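Worksheet: the structure to be examined is printed underneath.
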Amino acid sequence: MGRYRELIDLLKKYINLFSPFINKSVIEKRLKLTTQQWQTFECILEYEDENKNMVYMADRMGIKKSAFTKFVKVLLNYGLVERYQQKSNRKNILLKATEKGRIYYKDCSQIILESVWKEPFAALDKLSDENLAIVIDFFTKIVDELDPKNNKVEDLFKLL
């Protein structure tokens with residue numbers, strides 16, 4: 001990997017350290033949401049004002065619609081989100097956080113920010129907007145390489 005060895009090693013380590021938590025509850029004292037359910041909840045909050053549908057959000061997260069739907073069902077059962085349809089397009093299922101969901105998110109996200117993301121975000125704060133755009137471009141290219149729609153990973157395994 002040459003020049004990029006340390007970066008790639010850290011990415012691999014992050015993935016390996018993070019993966020055991022995918023199906024574990026992130027906040028035991030409150031509602032028992034897995035990491036992916038929490039990420040789904042964050043995605044809904046992020047896009048609710050833009051009226052993005054479930055297909056868009058699942059794609060944005062890089063998961064199958066069926067998995068996204070499963071995670072949403074848990075959030076619905078906890079009363080954190082609600083579903084609705086636009087009058088102009090009844091097929092388009094939209095999601096919004098409930099008041100209970102907003103309070104829950106505000107409370108929990110502050111704990112997560114302080115305990116997990118404070119130092120990494122402080123490091124990113126040192127970057128100029130131009131350098132941050134380069135980092136985002138790097139991760140966008142990694143995600144694009146792994147996206148099943150591109151078949152690049154399957155094509156690679158065929159070559160090996």
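So here's what we get for this one:
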| read-out | value |
| --- | --- |
| Residues of region 113-133 satisfying the condition of being within 23 Å of residue 62 (Cβ to Cβ) and either surrounded by 11 or more Cβ atoms within 10 Å (Cβ to Cβ) or touching a His at 6+ places or on another chain (Cβ under 8 Å) (or both) | 113, 116, 117, 124, 132, 133 |
| Positions within region 100-148 being over 18 Å from the mean Cα position of the chain (by Cα) and among the charged types (D, E, K, R), in sequence order | 100, 107, 114, 119, 125, 126, 129, 130 |
| Any hit, region 38-49, residues being under 27 Å from residue 146 (Cα atoms) and more than 13 Å from the chain's Cα centre (by Cα) | yes |
| Condition broken by residue 97, with the remaining ones in (1) of a type outside the set (Phe, Trp, Tyr); (2) touching a helix residue (DSSP H, G or I) at 6+ places or on another chain (Cβ under 6 Å); (3) exposed (fewer than 12 other Cβ atoms within 10 Å of the Cβ) satisfied | (3) |
| Residue under evaluation residue 21, criteria (1) surrounded by 14 or more Cβ atoms within 10 Å (Cβ to Cβ); (2) at pLDDT below 95; (3) farther than 21 Å from residue 147 by Cα, criterion not met | (1) |
| First in region 45-61 and over 22 Å from residue 103 (Cα atoms), second anywhere and at pLDDT below 90 and polar (S, T, N, Q), Cβ under 7 Å, 6 or more apart | 53/92 |
| Boolean, residue 135 is within 22 Å of residue 40 (Cβ to Cβ) and out of contact with any Cys (no Cβ under 9 Å at 6 or more places or on another chain) | no |
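The values are calculated or read from the model by the stated rules, or taken from the named source; none is laboratory data. Predicted, not measured: the structure shown is a model, and the values here were computed from it. Here the Cβ is made from the backbone with ideal geometry for all residues, glycine too, and neighbour counts use every protein chain on show.
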